[in-house]
Each structure stands twice: as structure tokens, then as C-alpha cells.
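What follows is calculated from the coordinates using simple rules that are stated; it is not laboratory data. Since this is a predicted model, take the numbers as computed values, not measurements. Cβ placement follows ideal geometry from the backbone for every residue including glycine, while neighbour counts extend to all protein chains displayed.
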Amino acid sequence: MKSPEAPRPSAARRAPRRGRLSISTAPPGALGEDILLARHGDRIDHFRQDTDGDLTVAVLDDGGTDTAPNRLHGGAVHLSPADRTRLRLAELSSDRHAATRREFRLLARISIAWLILSVAAFALMMWGMTTVLEPADLELMMSGSLGSTHGPAAP
């Protein structure tokens with residue numbers, strides 16, 4: 001066991017380079033080293049790279065180890081949009097998402113009611129225009145030249 005007065009070997013090592021432009025331009029392992037430094041600080045004895053798993057391994061002063069990914073995704077599998085949609089739809093059809101299915105049914109009912117109301121309002125406006133307006137005014141509205149300054153010349 002080390003005495004508390006003895007200098008620690010990790011104190012003599014060089015601090016990691018800071019001020020990188022972005023994580024994507026960082027040298028390999030720098031992200032993992034930053035994560036491990038944030039977790040353990042000066043308790044890290046040394047780092048080593050696990051290239052098979054794309055990990056940085058920190059060996060601690062007490063002999064323990066910890067790992068961190070060298071990439072932001074952390075080794076997660078990235079699915080295509082079609083696969084993600086297929087998985088999401090499969091989740092929604094499971095019994096676990098019964099409340100979500102009820103919410104979708106409610107939203108579908110509200111959407112259908114809104115569509116019916118919109119069609120009825122449009123039909124009512126069309127009926128009102130055809131019964132109230134004079135045919136010449138209706139023709140002027142439908143021609144698109146209403147309010148136009150360079151439309152057909154007035155007779």
C-alpha cells in the first residue's frame with residue numbers, strides 16, 4: 001500500500017491536450033480519455049487503447065479498470081429509417097402499448113371529425129356563393145383576376 005506522502009505517478013504525467021476544434025477531429029482515444037478523466041480525475045495511473053472494441057481503458061491507482069467509448073455513439077447499432085419505423089410499429093401493436101393505441105384512436109376520431117366539419121364548411125361556402133352572388137361576380141372570382149391591376153380591359 002502506498003503512503004499518503006509518496007508522490008503519485010499520475011501527477012507527473014502530461015495533461016491531455018485541450019482546445020480541439022471538435023470531437024470529430026480529435027485523435028483516436030481522446031474522447032474516451034476525456035470521459036475517463038471526468039469520471040476518475042487524478043486517480044488514473046495510465047490509459048491504453050482497446051482497438052477491437054474501440055474503447056479507452058483506464059488503469060486506476062488502486063488496480064481497478066474502467067472503460068469509455070472513443071466514439072459518440074458508444075457502439076450502438078444504427079438502424080435505417082425503414083427498420084426504425086418497422087420496430088416502432090411492432091412496438092405499438094404489442095399489448096404493452098395499449099394506452100398509446102387508445103390515444104391514436106382518439107386522435108384518428110378527432111381528425112375524421114375535423115375533416116367532416118371542414119368538408120361541410122367548404123360545401124356550405126360554395127353553396128352560399130352560388131346562391132348569393134351574381135353569375136358575373138362569380139365568374140370574376142373564379143378567373144383569378146379579382147384585384148389584379150393588369151387584368152382584361154373593361155368593356
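Summary table below
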read-out	value
Two-site FRET efficiency, GLU139 against ILE112, from Cβ-Cβ distance with R₀ of 30 Å, rounded to 0.05	0.30
Shape of the range 81-142, Cα gyration tensor, a/c cut at 1.5	oblate
Backbone HN-Hα couplings from phi across the range 78-91 [Karplus 6.51/-1.76/1.60, Hz, Gly and Pro as x]	9, 8, 6, x, 5, 5, 4, 5, 4, 5, 5, 5, 5, 5
